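Notes follow the structure.
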Amino acid sequence: MKKFKLLPGLKIVAPIMVGVLLVVGVAVAGSLHGLPHLTWADETNPGNVTGSLPGLGPDTIPDIVSKVSPAVVKINTTEQVGGENLDPFFNDPFFKQFFGNQYRVQPQPKVSQGLGSGFIVSSDGYILTNEHVIDGADEISVTLAGRDGSYPAKKIGADHDLDLAVLKIDAGGDLPTVSLGNSDSIRVGDWVIAIGNPYGLDHTVTVGVISAKGRPITVQDRQYKNLLQTDASINPGNSGGPLLNLNGEVIGINTAVNAQAQGIGFAIPSDTVRSVFDDLVNKGGVEHPWLGVYLQPVTSQIAQYYGLKNQSGALIAMVVQGSPAEKAGLQRGDVITGYNGNSISNPNELTDLVSGTEVGSQVEIKYIRSGGTNTVIVTIEAKK
């Protein structure tokens with residue numbers, strides 16, 4: 001079995017004194033309005049560090065790095081993770097007979113320190129990174145290239161499922177920014193550049209190619225879809241950093257690696273970021289259309305057990321209590337074969353269709369139960 005892991009950055013805990021199941025529900029694209037001005041690749045912005053570049057040649061990559069690096073940041077986090085008693089002597093029942101509780105040493109708090117990367121997307125201090133970089137953090141600080149000290153960062157919005165987060169710092173304005181490119185246009189074999197802070201080594205640059213597109217992987221409780229795969233070296237501390245094309249545009253956010261291999265890394269496409277950035281900033285998160293069922297493929301054994309004519313469809317393994325599916329009467333063991341006029345041959349097709357459905361929409365679902373074909377109208381809700 002392939003094992004993937006996130007790039008959580010460097011985590012240091014120190015004491016201080018004093019069978020595959022798919023959950024149906026994914027993000028829906030939104031439009032940009034009323035936001036800090038992001039720089040898209042097709043816009044012209046005099047302050048953008050990824051301005052015009054010379055033709056491809058021996059200086060292309062150094063030129064890109066010198067232009068983009070000022071917009072790449074280091075993200076430090078601290079999280080209180082509990083406490084421990086540092087002096088068991090006076091808490092021993094034997095010694096309590098003599099000293100009582102007057103010398104009892106209280107448990108001391110501990111903190112976990114994390115390190116990741118990010119990049120500035122607006123001159124007034126909005127920063128993109130991975131949600132897992134700042135998840136659970138009590139304090140977030142950002143270090144800018146060429147500046148002493150760090151700046152406290154506020155979490156503006158985050159989404160666990162998409163693993164995206166937007167931070168904001170106040171650093172005087174007119175900050176260098178980087179453009180978000182079109183990840184859909186990137187081709188397998190195209191050169192890419194990763195910049196980040198692996199193991200705390202500031203602004204480390206690695207180069208590789210796009211190895212594949214549209215990769216789905218599962219890491220812990222996150223199910224990623226449509227990731228870019230690259231052999232550009234990425235390591236702990238690179239999480240949230242940019243993956244760049246040879247125009248100096250961000251086409252991905254470095255996110256995960258294959259734990260059992262070298263040269264297999266994954267990045268969230270920039271087009272995913274474009275589609276949800278407004279919700280992250282304006283709403284603090286993303287509404288995920290939700291049907292509320294766990295699905296599994298229809299195997300030959302399942303088809304035989306349920307008396308199905310073929311292996312097409314998505315079998316409901318479990319219905320979530322209080323979900324739209326339960327309210328509509330769908331049950332465990334039902335096999336969904338149609339969604340709003342679209343035939344369903346496997347769980348992924350159903351998941352994709354639900355992900356493109358607007359919250360509040362009513363959809364017709366066709367399903368098989370006890371050998372008979374039925375239809376039901378379901379109102380899609382936002383994931384809770």
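Summary table below
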| quantity | calculated |
| --- | --- |
| Residue match in the stretch 308-317 (condition: over 24 Å from S179 (Cα atoms), polar (S, T, N, Q) and either touching a Gly at 6+ places or on another chain (Cβ under 6 Å) or outside any loop (DSSP other than H, G, I, E, B) (or both)) | no |
| Given (1) more than 21 Å from G285 (Cα to Cα); (2) surrounded by 12 or more Cβ atoms within 10 Å (Cβ to Cβ), index of the condition D352 fails | (1) |
| Residues located in the stretch 173-220, provided they are of a type in the set (G, A, S) and surrounded by 21 or more Cβ atoms within 10 Å (Cβ to Cβ) | S179, G181, S183, A194, G196 |
| Residue in the stretch 318-332 that is assigned to a strand (DSSP E or B), in contact with a strand residue (DSSP E or B) (Cβ under 7 Å, 6 or more places away or on another chain), over 30 Å from D279 (Cβ atoms) and not β-branched (V, I, T) present | no |
| Strands (runs of 3 or more DSSP E) (entirely within the stretch 178-274) containing at least 1 residues that are of a type in the set (A, V, I, L, M), under 29 Å from G146 (Cα atoms) and under 13 Å from the mean Cα position of the chain (by Cα) | 250-258, 265-269 |
| Residue check for N247: within 21 Å of A165 (Cα to Cα) and either assigned by TED's automatic domain parsing to the domain that holds I264 or buried (at least 20 other Cβ atoms within 10 Å of the Cβ) (or both) | no |
| Residue match in the stretch 298-306 (condition: out of contact with any Ser or Thr (no Cβ under 9 Å at 6 or more places or on another chain), farther than 27 Å from V320 by Cβ and in the same structural domain as N346 (by TED's automatic domain parsing)) | yes |
| Segments classed as strands (runs of 3 or more DSSP E), wholly inside the stretch 117-167, with at least 1 members that are farther than 27 Å from P216 by Cα and of a type in the set (D, E, K, R) | 139-143, 154-159 |
| Count of residues meeting criterion [surrounded by 19 or more Cβ atoms within 10 Å (Cβ to Cβ) and either out of contact with any helix residue (DSSP H, G or I) (no Cβ under 9 Å at 6 or more places or on another chain) or under 11 Å from N340 (Cα atoms) (or both)] in the stretch 356-382 | 6 |
| Scan of the stretch 366-384 for residues that are modelled with pLDDT under 95, in a loop (DSSP other than H, G, I, E, B) and under 33 Å from the mean Cα position of the chain (by Cα), ordered by number | K383, K384 |
| Of all residues in the stretch 295-311 being hydroxyl-bearing (S, T, Y) and surrounded by fewer than 17 Cβ atoms within 10 Å (Cβ to Cβ), the one that is nearest to L162 (Cα to Cα) | T299 |
| Failed condition for L330, given (1) modelled with pLDDT of 95 or more; (2) in contact with a helix residue (DSSP H, G or I) (Cβ under 8 Å, 6 or more places away or on another chain) | (2) |
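The values are calculated or read from the model by the stated rules, or taken from the named source; none is laboratory data. Worth saying up front: this structure is predicted, and the values here are computed from it rather than measured. Methodologically, a virtual Cβ is constructed for each residue, glycine included, from the backbone with ideal geometry; neighbour enumeration extends over all protein chains shown.
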